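This report concerns only the one structure given below.
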Amino acid sequence: MKIPQRFYVSLKAVIAHENKILLVQLHSGFWEFPGGRIDEGEEPVSLDATIGRELTEELGGSVKIRLGPLLRTFIAQYKDGVHG
């Protein structure tokens with residue numbers, strides 16, 4: 001029996017290059033840092049590997065990244081299951 005996820009963990013990356021910060025535009029029109037959710041079953045994978053996968057999905061495989069230190073953690077709560 002598959003247990004449904006009860007919460008989501010999302011990883012975002014601040015990508016800086018030549019004094020510019022990369023943002024991605026959501027379907028809703030809002031802007032945010034690139035990244036995404038830890039997929040079900042991906043919990044044992046390192047956070048570095050997970051954010052690397054998400055960035056490859058969003059930015060393409062030809063982008064090379066170097067991960068720095070964790071900057072901040074926070075919890076975002078959404079009403080009625082609506083996610084930005």
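The values are calculated or read from the model by the stated rules, or taken from the named source; none is laboratory data. As the structure is a prediction and not an experimental result, all values here were calculated from the model. Methodologically, a virtual Cβ is constructed for each residue, glycine included, from the backbone with ideal geometry; neighbour enumeration extends over all protein chains shown. Side chains are part of the model used for accessible areas, which takes the heavy atoms of the whole protein and leaves out ligands, DNA and RNA. Shrake-Rupley method; radii C 1.70, N 1.55, O 1.52, S 1.80 Å.
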- Message: Here's a check for you: in the stretch 1-27, which residue that is at pLDDT 80 or above and more than 19 Å from Arg37 (Cα to Cα) is least open to solvent (accessible area, probe 1.4 Å)?
- Response: Ala16
- Message: Restricting to the stretch 38-57, name every residue that is over 15 Å from Tyr8 (Cβ atoms) and open to solvent by 80 Å² or more (accessible area, probe 1.4 Å).
- Response: Pro44, Asp48, Glu57
- Task: Take the stretch 58-72 and flag every residue that is assigned to a helix (DSSP H, G or I) and either in contact with a helix residue (DSSP H, G or I) (Cβ under 7 Å, 6 or more places away or on another chain) or open to solvent by 70 Å² or more (accessible area, probe 1.4 Å) (or both).
- Result: Glu58
- Note on the structure: Counted residues in the stretch 20-40 being in a loop (DSSP other than H, G, I, E, B) and without any contact (Cβ under 8 Å) to a residue 12 or more places away in the chain come to 4
- Task: Return the pairs, sorted by first residue and then second, in which the second residue is in a loop (DSSP other than H, G, I, E, B) and aromatic (Phe, Trp, Tyr), the first residue lies in the stretch 53-65 and is touching a residue at least 40 places away in the same chain (Cβ under 8 Å), the beta carbons are less than 6 Å apart, and the residues are 6+ apart or on different chains.
- Result: none
- Item | Subset tally (residues that are of a type in the set (Ser, Thr, Tyr) and modelled with pLDDT of 75 or more) for the stretch 40-78 | 4
- Task: Give Gly35, Gly81 a once-over and let me know the one that is modelled with pLDDT under 75 and either open to solvent by less than 70 Å² (accessible area, probe 1.4 Å) or on the phi > 0 side of the Ramachandran plot (or both).
- Result: Gly81
